[in-house]
Each structure stands twice: as C-alpha cells, then as structure tokens.
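The structure appears below as structure tokens.
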Amino acid sequence: MDSCCLTRAAHSARLALLVCLVGCHPLSRQGGPRRGGVPVRLTAAGAPHVLQLWAACSAEEHARGLMGRRSLGGADGMLFVFDQALPRTFWMHDTPLPLDMLFFGPHGTLTCRIDGAEPMTDTPRTCPIPSQYVVELPGGTAARLALGADTALNPDDLARSCPHP
C-alpha cells in the first residue's frame, strides 16, 4: 500500500475515533449532562424514595442545566453539585419544562423548595440559605412526594454523584 492510502486510512481511523469520543461525551447526549443519571436516595415524611438524576458537576453543566429539553428522557430530574454551600439563584431561561427546585445544604438537608418554576423565564429563583446541592424535578413532583422540611438526600449518594479525578 502506498503512503497516500496509509495517510487516508490513518485519517479515517482518527476521524472515526473522534466521532466516537464526541458521541460518548456526557454533554453530547441531548445537549445535557450524564444521560441515565445516578441513583440518589432521599427520605421525606419518613418514606424512602430513589430518584434517577443527571448529575451536573462542572460549571459548564451547571450553566446548561435542563435548557432546551422538552422531556427528561427517562430520568427523574437533575442534581446540581457545587464545591461549597452558598446562597443559590436559578432561572428558567430556555427551559421549556415547569420544574420544582429543591435546595440542600452540605449535609443533604432541605433548605428551600420552589414549586412549579415557570418555564422560559429569566425570573430569579433564589434560596438565601447556603446550599451545596440543587435538585430539579418536573413541576408538581415535590408536592406529590410530600417533600418538606424533613426531606434529606443520602450523603453517600451525593459523594458518588460527581467523582473527582
């Protein structure tokens, strides 16, 4: 085989690898983080629940969130994981789904609950109490599951949701 054919073959192989890597990257799936999600256990009113949540771990994933999604594609929602607990503000810019927003402190205890955030708005939704985790669920889920002041996320699940390199 001449060098021209080897060069084309090598180029084709590199292109195929690049397509595979891009297609397998967590952000490439329907424009959002980690398709399929991670199981996160929580308790509310004494009842256990397991939610499958996409984990948004990086600043890029935090900024993208559920924007542009018309369905959750089989997951229950999204878990935003931050490095530290701070007051948090979220909005619904380019997010067509009504969402409930649950803010949790560093130990997984519920600090704020915002029900039915109106889609496609830039209205700030703020939890002034320092929060390290935020869960977004379809609108009405928080009420249906009776998620209230006694709601807590399982700390072991939070530690596994965003593995650090």
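Points to keep in mind about this one:
- Test: residue in segment 61-68 that is in the same structural domain as residue 121 (by TED's automatic domain parsing), modelled with pLDDT of 95 or more, surrounded by 15 or more Cβ atoms within 10 Å (Cβ to Cβ) and part of a strand (DSSP E or B): no
- Residue in segment 112-122 that is under 16 Å from residue 37 (Cβ atoms) and not hydroxyl-bearing (Ser, Thr, Tyr) present: no
- Out of 151, 89, 95, 126, sole residue that is in the same structural domain as residue 69 (by TED's automatic domain parsing), among the hydroxyl-bearing types (Ser, Thr, Tyr) and more than 21 Å from residue 64 (Cα to Cα): 151
- Number of the condition not met by residue 50 [criteria: (1) loosely packed, with under 13 Cβ neighbours inside 10 Å; (2) in a loop (DSSP other than H, G, I, E, B)]: (2)
- The condition of being closer than 19 Å to residue 141 by Cα, touching a residue at least 24 places away in the same chain (Cβ under 8 Å) and in contact with a strand residue (DSSP E or B) (Cβ under 9 Å, 6 or more places away or on another chain) holds for only one of 95, 89, 111, that being 95.
The values are calculated or read from the model by the stated rules, or taken from the named source; none is laboratory data. All values reported here derive from a predicted model rather than from experimental measurement. Cβ atoms come from the backbone with ideal geometry, glycine included; neighbour counts cover every protein chain shown.
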